[in-house]
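In what follows, a single structure is set out as structure tokens and then discussed.
The values are calculated or read from the model by the stated rules, or taken from the named source; none is laboratory data. Worth saying up front: this structure is predicted, and the values here are computed from it rather than measured. All Cβ positions, glycine included, derive from the backbone under ideal geometry; neighbour counts span all protein chains shown. Heavy atoms of the whole protein, side chains included, go into the accessibility calculation; ligands, DNA and RNA do not. Shrake-Rupley method; radii C 1.70, N 1.55, O 1.52, S 1.80 Å.
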Amino acid sequence: MFQRFRRTRLNNHLRALVRETSVSVDDFIYPLFVRFGKGIKTEVASMPGVFQMSIDEVLKECEELKKLGIFSIILFGIPDVKDSIGSDALCEHGIIASSVKAIKEAHPDMFVVTDLCFCEYTDHGHCGIIDEVNETVNNDATLEISAQQAIVHAKAGADMIAPSGMMDGIIETLREALDGSGYENLPIMSYSTKFASGYYGPFRDVAESTPSFGDRSSYQMDPANRREAINESISDEAQGADILMVKPALAYLDIVREIKDNTSLPMAVYNVSGEYAMLKFAGMNNLIDYDRVVMETMIAFKRAGADIIISYHAKEVAKMLQKGKR
Ligand code: PBG
Ligand code: ZN
């Protein structure tokens with residue numbers, strides 16, 4: 001039997017034809033941090049290129065995003081007033097409801113996803129209502145107010161709801177609440193596999209949501225547990241989620257692949273704040289070829305099985321793609 005050990009060298013044209021993975025501007029959701037006020041655009045020290053913005057600035061930002069071909073955003077609200085149950089998140093005039101209304105009015109072609117959680121809205125910084133007795137989040141009480149929050153987002157005009165608090169039963173609860181209020185077609189993207197991670201550090205600066213006591217390990221996952229991580233996503237698929245997510249992304253690509261192979265839903269990865277900051281500061285110090293490493297990272301997400309990439313790099317990637325960088 002003849003066996004040829006020398007592989008045929010591919011020219012650039014053929015290499016493009018056989019490339020297995022590609023990154024497109026359509027893959028991205030860009031995160032935005034909104035607060036009340038006018039003319040506010042404050043850069044986050046730990047995340048150069050990322051800003052807290054007032055609604056008027058967000059409307060301008062959407063214009064820029066559309067020029068780059070980015071039509072999907074996920075919103076995080078920073079309220080003026082925080083309290084024990086995160087009332088701003090439940091209010092029709094709260095920061096998220098106000099932002100969604102303004103964006104959908106000015107940019108109806110923008111796909112607006114809302115992060116649904118309480119940690120940005122509570123004075124203690126936890127993702128739900130705290131039990132006085134044992135100082136942990138009360139899962140079922142949090143489910144009730146989460147359903148209220150979902151309806152507030154839906155009424156404001158959100159295109160998709162993304163619960164990020166990892167409460168047990170959240171998907172079933174939100175699906176029932178939305179269906180019961182006439183929002184049967186509003187999709188839910190679940191932060192289905194969310195690890196208790198040190199990579200969220202810079203986000204908590206920008207969202208001003210660092211817990212004032214304890215940590216989130218009672219409701220977020222242990223990075224050491226693979227089977228538990230996969231089961232969380234399988235459970236959310238069964239509860240009626242439309243899209244699953246793994247967060248953070250980089251250190252968890254094995255989990256992405258395994259969930260992809262064991263579920264039939266589209267998958268998102270959240271390329272989180274700490275991951276962004278690492279590349280950003282390495283690039284700023286000329287330690288790496290920034291554009292190249294960013295693109296390599298995005299390709300890795302797609303190769304692992306992600307259909308959607310939520311990333312602070314989205315605008316930079318769009319510019320790279322426009323310049324023909326792949
Ligand atoms: C809120 C939420 C967080 C992130 C997304 N939604 C923070 C957290 O869980 O502490 C992190 C995103 C990032 O680090 O970029 N529940
Ligand atoms: Zn939270």
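Below are the figures for this structure:
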quantity	calculated
Cα-based helix-to-principal-axis angle, 253-262 vs the chain, degrees rounded to 10	80 degrees
In nm, spacing of pseudo-spin labels at residue 224 and residue 83 (7 Å Cα→C-beta vector)	4.1 nm
Order of exposure, largest accessible area first, which applies to 210, 173, 122 with probe 1.4 Å	210, 173, 122
Share of carbon and sulfur in the accessible heavy-atom surface of the chain [1.4 Å probe, %]	50 percent
Of 212, 189, 134, farthest towards positive along the dipole that unit charges on Lys, Arg, Asp, Glu beta carbons give region 120-227	189
Reach of residue 260 by Cα under 24 Å, taken over lysines that are not fewer than 8 positions away in the same chain	194, 247, 302
Relative contact order of the chain, defined on C-alpha pairs under 8 angstrom at six or more residues apart (%)	18 percent
At R0 = 51 Å, FRET efficiency that the Cβ-Cβ distance of residue 9 and residue 231 yields, to 0.05	0.65
For region 20-322, share of DSSP beta bridges that run antiparallel, in % to the nearest 5	15 percent
Principal axis dimensions, region 1-151 - Cα atoms, whole angstrom, descending	75, 41, 32
Charge dipole (debye, nearest 20) of the chain; +1 at Cβ of Lys and Arg, -1 at Cβ of Asp and Glu	2420 debye
For region 117-165 and region 278-305, distance of Cα centres in Å	33 Å
Two-site label geometry, residue 307 and residue 19: point separation in nm, points 7 Å out along Cα→Cβ	2.2 nm
Relative contact order (percent, whole number), region 1-119, Cα cutoff 8 Å, 6+ residue spacing	25 percent
For the chain, projected area of the alpha-carbon convex hull averaged over all directions, nm²	19.7 nm²
Cα centre as origin, Lys/Arg/Asp/Glu Cβ charges: region 231-288 dipole, Debye	340 debye
Solvent exposure ordering (accessible area, 1.4 Å, most first) of 323, 247, 60	323, 60, 247
Relative contact order of region 1-71, pairs being alpha-carbon contacts under 8 Å that are 6 or more residues apart, as %	28 percent
Helix-only CD estimate at 222 nm, as mean residue ellipticity for the chain, using -39500 (n - 2.57) per DSSP H run (n ≥ 4)	-12000 deg cm²/dmol
DSSP bridge pairs, region 70-186: antiparallel proportion in percent, nearest 5	10 percent
For a label point 7 Å along the Cα-to-beta-carbon line of residue 208, residues of region 81-115 with backbone N under 12 Å	81-83
Net charge, residue 73 excluded, C-beta distance under 10 Å - Lys, Arg +1, Asp, Glu -1	-2
Surface accessible to a 1.4 Å probe, per residue, for the residues of region 20-322, Å²	40 Å²
